[in-house]
Amino acid sequence: MQADLICIGNEILTGLVENSNAGFLARRLWSAGIEVRESMVVADDKQAIQAALNRAFEHSEVIIFTGGLGPTDDDMTRDAIAAALGLELVLDREWLEKIDYFFKQRGIQMPENNRKQALIMKGASLLENQAGTAPGSILNWKGKLIVLLPGPPNELKPMFDSSVKPVLKDFNRGKLSRLKTLKCCGIGESSLEDKIKYLGKWDLPPISYVARGYEVHLQIKGRGSVEEAASAIDEAEKRLRQVLGDHIYGSDDDTLAGKVAELLIANNLTLSLAESCSGGLLSSMVTDIPGSSSFYLGGMVAYSGEVKIGTLGLDRLLLEREGQVSEAVAAAMARGARAKFNSDLSIGVTGIAGPDGGTAQKPVGLVYVALDKGQDCYCKKLNLGGGRLAIKERTAQMALDMIRRAVLAGARY
């Protein structure tokens with residue numbers, strides 16, 4: 001079974017709003033066994049919306065529209081779809097009362113144009129909006145499921161999960177599509193593909209490669225019955241793990257920071273951080289994990305040389321001799337953090353994130369990441385491309401992978 005996603009809004013086409021809804025819906029549909037055939041963005045234009053509906057109607061069994069359900073004149077999704085299907089728009093008085101109550105709670109008289117939000121297509125079921133005034137609707141029309149959802153993600157997401165997903169489960173009784181994502185780090189996309197080629201002729205489900213900074217995600221697509229899709233994915237995963245080994249750190253919703261947290265907690269290890277060019281990004285990624293207080297003792301952003309000397313105890317002569325961006329300084333930062341916080345493991349990061357500050361000897365993108373585990377300290381030199389944010393993100397990912405591999409290599413330090 002296939003689905004088309006049609007996101008409505010001039011604000012998306014002009015870049016004023018990021019279209020996060022498409023990614024959310026695609027993931028949810030795949031998890032329900034429905035393959036997304038096409039995802040498009042359409043202007044706030046009645047003819048454009050109707051043309052998108054006609055095109056989707058020819059190919060897919062599920063058609064989902066997002067946006068254009070508001071009270072203003074440029075919100076025309078429900079009118080365009082109703083006109084295309086030849087359906088009357090009917091006033092839902094119960095929802096009209098809820099909209100009126102929504103405004104009264106805020107001490108405001110309901111504007112007359114909000115009345116249009118209580119109109120739904122005849123024969124459609126209204127989907128309640130717990131966070132706003134625009135309801136969704138769902139209509140089974142000539143064997144096709146047409147879904148209208150509001151544009152704001154905080155309204156769309158709970159509505160889809162609570163009201164649309166159960167209907168899709170009943171509606172989709174044919175062939176299924178399943179996805180599994182294996183998440184890798186410490187290996188480039190081309191090198192990873194070379195390893196997979198050693199498996200020989202790939203007669204298992206198709207896989208897609210998605211580069212995410214220092215990570216590469218492998219997406220495996222299985223099709224058929226529930227049993228067929230699951231069996232094909234399991235066999236593919238087994239063979240991929242054989243050749244990729246510990247380059248695979250997790251799957252699906254796992255994050256690198258989350259897996260590092262699991263390892264640290266399981267081995268009763270503590271962590272501290274000393275960051276320069278990453279600017280606290282690594283600390284942020286670590287503390288985004290619930291329960292991080294059980295292993296993360298603390299960290300600091302030591303940007304200037306004086307701060308490195310005053311808070312981490314670095315030798316002024318070392319900084320003058322080696323320069324702030326050097327292997328020796330990264331190692332000294334890691335040792336300083338470990339001593340200051342009395343942690344089992346520590347990371348020291350220094351580099352040039354750009355766009356300025358580089359030289360021929362030390363160009364933009366040069367980064368050193370050191371890991372101190374007590375008995376020894378080792379450092380990795382990176383030469384990273386991309387802009388400032390990309391360099392910071394890849395540096396943080398590299399540091400997390402270094403921690404992961406250090407814990408995997410031994411139970412305690």
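The values are calculated or read from the model by the stated rules, or taken from the named source; none is laboratory data. It should be emphasised that the depicted structure is a prediction, and the values quoted were computed from it without experimental measurement. When we count neighbours, we look across all protein chains shown, and the Cβ atoms used for this are built from the backbone with ideal geometry, even at glycine.
For Tyr249, the conditions (1) crowded, with 17+ Cβ neighbours inside 10 Å; (2) under 25 Å from Arg405 (Cα atoms); (3) at pLDDT below 95 are fulfilled apart from (3). Here region 169-189 is the region considered, the condition is being of a type in the set (A, V, I, L, M, F, W, C) and at pLDDT 90 or above, and the residue that is surrounded by the fewest Cβ atoms within 10 Å (Cβ to Cβ) is Ile187.
Is it the case that region 38-53 has a residue that's at pLDDT 95 or above, small (Gly, Ala, Ser) and within 30 Å of Val226 (Cα to Cα)?
yes
Against the numbered list (1) surrounded by fewer than 18 Cβ atoms within 10 Å (Cβ to Cβ); (2) assigned by TED's automatic domain parsing to the domain that holds Arg223; (3) of a type in the set (A, V, I, L, M), Leu192 comes up short only at (1).
Mind telling me which of the residues Val62, Val42 ends up being closer than 21 Å to Asp79 by Cα, within 27 Å of the chain's Cα centre (by Cα), in contact (Cβ under 8 Å) with a residue 40 or more places away in the chain and assigned by TED's automatic domain parsing to the domain that holds Ala82? Exactly one residue qualifies, and that residue is Val62. When you check Arg212 against the structure, is it surrounded by fewer than 16 Cβ atoms within 10 Å (Cβ to Cβ) and either more than 20 Å from the chain's Cα centre (by Cα) or farther than 24 Å from Ala26 by Cβ (or both), yes or no? Here the answer is no, as Arg212 does not meet what is asked.
Among the residues of region 354-371, those identified as assigned to a loop (DSSP other than H, G, I, E, B) and either closer than 30 Å to Ala409 by Cα or in contact with a Gly (Cβ under 8 Å, 6 or more places away or on another chain) (or both) are Gly354, Pro355, Gly358, Lys362, Val364, Gly365.
Summed over region 293-349, the residues that are hydrophobic (A, V, I, L, M, F, W, C), within 17 Å of Ala396 (Cα to Cα) and part of a strand (DSSP E or B) give a count of 5.
If the condition is being charged (D, E, K, R) and in contact (Cβ under 8 Å) with a residue 40 or more places away in the chain, then region 242-260 contributes Asp246, Asp252, Asp254, Lys259. Right, Ser31: surrounded by fewer than 16 Cβ atoms within 10 Å (Cβ to Cβ) and either farther than 16 Å from Ile146 by Cβ or touching a residue at least 12 places away in the same chain (Cβ under 8 Å) (or both) or not? Here the answer is yes, as Ser31 does meet what is asked. Looking at Leu282, Leu263 in this structure, which one is crowded, with 19+ Cβ neighbours inside 10 Å, in the same structural domain as Gly323 (by TED's automatic domain parsing), more than 22 Å from Arg178 (Cα to Cα) and touching a residue at least 60 places away in the same chain (Cβ under 8 Å)? Residue meeting the stated conditions: Leu282. Each residue in region 351-377 was checked for being within 31 Å of the chain's Cα centre (by Cα) and among the hydroxyl-bearing types (Ser, Thr, Tyr), and 1 pass. Of everything in region 131-154 that is surrounded by 15 or more Cβ atoms within 10 Å (Cβ to Cβ) and among the polar types (S, T, N, Q), the residue that is farthest from Asn113 (Cα to Cα) is Ser137.
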